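Let me begin by presenting the structure, written as structure tokens, before commenting on it.
The values are calculated or read from the model by the stated rules, or taken from the named source; none is laboratory data. Computed from a prediction, not measured in an experiment: that's the story for all the values here. Cβ coordinates were reconstructed from backbone atoms using ideal geometry, including for glycine residues, and neighbour counts include every protein chain displayed.
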Amino acid sequence: MRKSLDEKLARIHADPHGAKDFLLADAKDADMALAIGAPGKSPEAHPGEVRFRSLSEYREIIAAIVEQGLVDIMLMSASTNEVLTIQRRIFDDSPVTPAARANDTTDIHILRGSRYAEQPSLPFRTATLDHIQCGHLDCRAEERTLGADLGLYSITFQNDAVLDRQALEEYKTFRLEAERKGFRHFLEVFDPNVPGSVAPEKIAEFINDAIVRTLAGVTSRGRPLFLKVVYHGPKAMEELVNYDPHLIVGILGGSAGTTYDAFKLLSEARKYGARVALFGRKINNAENQLAFIRFLRLIADGEITAEEAVQAYHGVLHRLGIKPHRELAEDMQLQTNVMSYGGSGTVISVPKPSRSTGSRPAQKEQAKPGCGCSGGTEAACTCKSSDPSRPSGNRPVVEPLPDFSRMTAAEKVAYHRARWNRILG
């Protein structure tokens, strides 16, 4: 099956200024950083108890998200990639591309009681490309397509000539090996993890310059497919995008935050030129990951605003009987200061919903639910579920979408709410 990643990248490079494609990635590689806590808190935990999901539960969630088919990339650890990609073959008939974390610098070693993240980042690689591609050392040529052929490589620049040179040497070694073995990568560039390494007002400029300088000597065969960087606001994003329209820029999600924090981050970054969003904790900590991803996709495709999405998401949680982490008014708070050029450093609020109904959004006129296979009503529909967010043994039928460009914001919200009512019951 053709992968949506390849199709979207081809369209973007063919028309960098006109293509509307946007890539979503779910970063489920947290076991290479957070260890026991990586799968997230278990919903079965009791009050006052911290209980985490098991690794097997974590992998089943990954499988469900791949079956949903709304993300373009699923990023995993090498060990999870072996289980799901090589052994279970869940990506064979999916438009989703499997990827694995190819290195794990010391600043992401988040162990309980440790101080690693406070110390200058040092390069390190647990996984080998052979193990990612075929599950064992020294793959034969015909085995290299068994696993993932895409990986994340991460660099944390420190503004220290010795440390940064070492990081660049390791990246060069990785790139040469990757080119020889037909392995693609995307490049994650973190901000310095040691406070004071760069003046706060210069960090965005420092990172942009570090990226451009690092890649200036890299020819097309060794360049990353796209970047994964901290979103430092419109000015920094536009500067990097305008420098080279073929240098595709993606944002990382960071900490979980509110639902509006995640949705607005995606919306703002997209507005100013980002083409990729890679969210890990923001997805993994969601009350319902499939529903959360559904709304990320709608925002990424320009079909719904961040504000509409938060209210509609709470509507889905209410219908599913899931208690939200926060009431709607609280979940509409921004906990970031990079939504404007200046960045005030304060928490930004949006107007409260017009109704004080807790987590339920205001009722609007409902769009008529369609079957998705023949255009009839749901009662007359005899086909399988047409929505890829509901796992099925069959390939999902693609549901025709209305012309969103001709719909008002209220009509779009009504359409998507009716669709979720139909999907989730």
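Of the residues His17, His13, the single one that is in a loop (DSSP other than H, G, I, E, B), of a type outside the set (Gly, Ala, Ser) and within 18 Å of Ile248 (Cα to Cα) is His17.
Return yes when Gly37 is in contact with a strand residue (DSSP E or B) (Cβ under 8 Å, 6 or more places away or on another chain) and either small (Gly, Ala, Ser) or modelled with pLDDT of 95 or more (or both) and no when it is not. Yes; evaluated as a whole, the condition is true for this residue. Counting only helices (runs of 4 or more DSSP H) that fall entirely inside region 237-322 and contain at least 1 residues that are at pLDDT 95 or above and in contact with a strand residue (DSSP E or B) (Cβ under 6 Å, 6 or more places away or on another chain), the qualifying elements are 259-271, 281-284, 289-300. Among the conditions (1) over 30 Å from Asp107 (Cβ atoms); (2) at pLDDT 95 or above, Glu44 misses just one, which is (2). Counting only helices (runs of 4 or more DSSP H) wholly contained in region 48-145, the ones carrying 1 or more residues that are modelled with pLDDT of 95 or more and of a type in the set (Lys, Arg) occupy 55-68.
Please work out which residue is farthest from Thr173 (Cα to Cα), limiting yourself to region 95-111 and to residues that are touching a residue at least 40 places away in the same chain (Cβ under 8 Å) and surrounded by fewer than 21 Cβ atoms within 10 Å (Cβ to Cβ). Per the stated criteria, the residue is Pro95. Just to be sure I understand, how many residues within region 186-215 are in contact with a Lys or Arg (Cβ under 8 Å, 6 or more places away or on another chain) and outside any helix (DSSP H, G or I)? Selection size over region 186-215: 4.
Listed conditions (1) part of a strand (DSSP E or B); (2) free of Cβ contacts under 8 Å to residues at least 12 places away in the same chain; (3) among the hydrophobic types (A, V, I, L, M, F, W, C) are all met by Ile155, apart from (2). Just checking, does region 28-44 include any residue being in a loop (DSSP other than H, G, I, E, B), of a type in the set (D, E, K, R) and free of Cβ contacts under 8 Å to residues at least 60 places away in the same chain? Checked against the condition, which is being in a loop (DSSP other than H, G, I, E, B), of a type in the set (D, E, K, R) and free of Cβ contacts under 8 Å to residues at least 60 places away in the same chain, region 28-44 yields at least one hit.
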